[in-house]
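Only one structure is covered here, and it is reproduced in the block below.
The values are calculated or read from the model by the stated rules, or taken from the named source; none is laboratory data. A quick note: this is a predicted structure, and the numbers were derived from the prediction, not measured. Neighbour counts are summed over all protein chains in view; Cβ atoms, including those assigned to glycine, are modelled from backbone coordinates with ideal geometry.
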Amino acid sequence: MGAIEPREFLLLAPEIFLAVAGMVVLAVGSIGRGLAHRTTALISLVSLAVVGALVLTVQGPAVGGEAILAGMFMIDGYALFWKGIFLLATALTIVLSMRFVEEGGYPAGEFYALLLFATTGMLFMASGFNLLSIWISLELMALSSYILAGYFKRERRSNEAALKYFILGALSSGILLYGISLLYGATGTVQLTELAARLPAAMAAEGMLVSLGWLLLAIGLFFKVAAVPFHVWTPDVYVGAPTPVTAFLAVGSKAAAFAILVRILYQGLAPLLVEWQIVVAAVAVVTMIWGNLAAVTQSNVKRMLAYSSIAHAGYVLIGVLAATEDGLWAVLFYMLAYSFITLGTFATVILLERREYAGETYADYAGLARRSPFLAAMMLIFMLALTGIPPTGGFFGKVYLFAAAVQSGWTWVAVVGVLMSAVSLYYYMGIVVYMYLRDAEDDTPTPLPSRLLAGAIGLCAVITVLLGILPGPIVELAKASLLQLP
Amino acid sequence: MEFLVQHGADLLFYVFAVGALAAAVGVITLRNPMYCAISLLVCFLCVAALFLLRHAEFLALVQVFVYGGGIMVLFLFVIMLVNLHRLRESSVFGEYAPMAVVLAVLLVALVLFVFLNYDQQAVAAAPGAFVSVEGQVVGNSEAVAWTLYRDYLLPFEIASVFLLVAMVGAVVLGRKS
């Protein structure tokens, strides 16, 4: 590995800018309470926009070629697509958080700063090309998330969520790191291209060491995407964390974990394709079945959404499993659609939520169509999309994933996916039934406390429907953002 | 004597490796937090000795100074400041203990199985990786510096943001609001 040239640092401009913006927000947040809250949120949103522009103008023209910074940092279409998803998800999370944090009376500066630091970690994950830099970026995101999950420290459930998330997250990071260390022991490298080049020889000489190494690595990654049987932390954390943070975990963290999962499997572990496909297939099937069946039995909407997010991780794994170009762009398309759908759903939950975690059960949605036709209609769109019913982005997302699996010969896994989508109809439509067919105890209209939040919900709904009517442009974009395949 | 000369390094390795493991088990099983902290210190020192055996003198010293020194002192301060007596009575695992034991035993068995079947000759550890830079023999601190500030510069910088987040988190969650 040669010396690093100064121009390579210029290419890091978006990530460096975002980290600095996080520190600025931290400083501004400590100035004064009333003024600081809105200001910090605004600064965070503006800096995310600047980072997006920097990604396009600085990293956009540099797409292709070798990984820079001693093989650590890859700038390719794949990384840029994910960075787009992360920036959009964080921006929407900030909009979702504004009222929530203000009403809770919790300090705003640290909250937004931690969101920005987590996003910095996610950007580094998307471009990470060395297991060590991927791991530390993942930790940066995870540590910020643990703190955010426990941010409402006067609430017991928030404390519980943070502690459980931290302990299980630390355990999974340890497993991940142990797997990486075994792979390093067997091959002498943690850089993804070198790893792929040396794996066949290492496999022949030390098959068991390599197998244990990549299995532990995969288990650590499954933990982070919340796939069964490594999902036990998810429901408690999703229910206990402040709802905007839950949305961030369900969208941002999950997407970032998938970004590195796919890159590591496709580029680092490419020589082990046959082996990891079996493991991914098994995990995908168990995840879809357990996630959906457990979601059926829930009475708390946030808990149901937690299991639903587990089930959706299973669907995405179907696309990962295919290991074809079709599978890869289907994963990218699905994660984009899923991000908007899930953020919209959680935004609606936030609007209906009141203090002390009220408004979270199915019964609280009774008669919503009469109390607030707008929110009910929006929730209907999101529930249709999560089930995968046209005309929504969720429908095409699932079609592409299942089609990719069938084409690459994994028909039975796709069949399980279709069957389980049918099961999911039951619990998603359960909310719709409550909203439209049950009467509420009091019929007073639910006010819309925040126009900004309502606007964000509307935006998510419009994009969800647009993706279901005109998926073409995004599909083309995803097709232009592929990885080299194993 | 002959035996000691030939296998002295191996013997020392096993002494310190077993010491580190035993101390690590002590950290999580002892009931008195102060004993746990001392166990942790023993663990750190054994790891430092392992670094020395690999000719990583700089890392060994950093391990002693930073972990054995600075971080241990912080641990001891916290233990003395915070009242931890109630910890002694509470049971951590509860009803999940049997399952946890089964899973832990399985995992350890799996790892042992792999390592007992592991052919040490097949995997060539890079000789003198801790004391060479591009083929030239240098001191350990120089080798660490080259690795840390050139090859692994990016993770090093990300780690600095990570530490900032850890600090912010400790303040946010710890202060009275």
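Please state which of the following conditions A:A19 fails to meet, knowing it meets all the rest: (1) in a helix (DSSP H, G or I); (2) more than 14 Å from chain B (Cβ to nearest Cβ); (3) under 26 Å from the mean Cα position of the chain (by Cα); (4) more than 25 Å from A:T342 (Cα to Cα).
(2)
For the range B:150-173, give me the residue count where each residue is at the interface with chain A (Cβ under 7 Å from one of its Cβ atoms), part of a helix (DSSP H, G or I) and out of contact with any Gly (no Cβ under 7 Å at 6 or more places or on another chain).
Matching residues across the range B:150-173 total 14.
With a cut-off of at least 1 residues that are farther than 20 Å from A:T246 by Cα and in contact with a Phe, Trp or Tyr (Cβ under 7 Å, 6 or more places away or on another chain), name the helices (runs of 4 or more DSSP H) lying wholly within the range A:28-108.
Qualifying helices (runs of 4 or more DSSP H): A:33-54, A:68-71.
Considering the range A:427-464 alone, what residues qualify as being over 11 Å from A:Y365 (Cα atoms), at pLDDT 90 or above and surrounded by fewer than 18 Cβ atoms within 10 Å (Cβ to Cβ)?
A:M429, A:G455, A:G458, A:L459, A:V462
What is the one condition in (1) out of contact with any Lys or Arg (no Cβ under 7 Å at 6 or more places or on another chain); (2) surrounded by fewer than 24 Cβ atoms within 10 Å (Cβ to Cβ) that A:G213 does not satisfy?
Here A:G213 clears every test but (2).
Which helices (runs of 4 or more DSSP H) does the range B:17-82 wholly contain that include 2 or more residues that are in contact with a Gly (Cβ under 7 Å, 6 or more places away or on another chain) and under 17 Å from B:S141 (Cα atoms)?
In the range B:17-82, there are no helices (runs of 4 or more DSSP H) which contain 2 or more residues that are in contact with a Gly (Cβ under 7 Å, 6 or more places away or on another chain) and under 17 Å from B:S141 (Cα atoms).
Is it fair to say A:P390 is closer than 14 Å to A:R370 by Cα and either polar (S, T, N, Q) or at pLDDT below 95 (or both)?
no
Can you name the residue in the range A:233-273 that is closer than 17 Å to A:A306 by Cα and more than 17 Å from the chain's Cα centre (by Cα) and is also surrounded by the most Cβ atoms within 10 Å (Cβ to Cβ) among such residues?
A:G240
Within the range A:380-397, how many residues turn out to be crowded, with 22+ Cβ neighbours inside 10 Å and touching a residue at least 60 places away in the same chain (Cβ under 8 Å)?
9
For the range A:313-328, indicate whether the set of residues that are surrounded by fewer than 24 Cβ atoms within 10 Å (Cβ to Cβ), among the polar types (S, T, N, Q), modelled with pLDDT under 95 and over 23 Å from A:T243 (Cα atoms) is non-empty.
Yes: one or more hits.
Just the residues that are free of Cβ contacts under 8 Å to residues at least 60 places away in the same chain and in a helix (DSSP H, G or I), please, taken from the range A:288-323.
Result: A:A294, single match.
Which one of these is away from chain B (no Cβ under 14 Å), modelled with pLDDT under 90 and more than 15 Å from the chain's Cα centre (by Cα): A:V228, A:V279?
Step by step, each of A:V228, A:V279 is checked, and only A:V228 is away from chain B (no Cβ under 14 Å), modelled with pLDDT under 90 and more than 15 Å from the chain's Cα centre (by Cα).
Regarding A:F129, is this residue surrounded by 24 or more Cβ atoms within 10 Å (Cβ to Cβ) and within 14 Å of chain B (Cβ to nearest Cβ)?
When the stated conditions are applied, A:F129 passes them.
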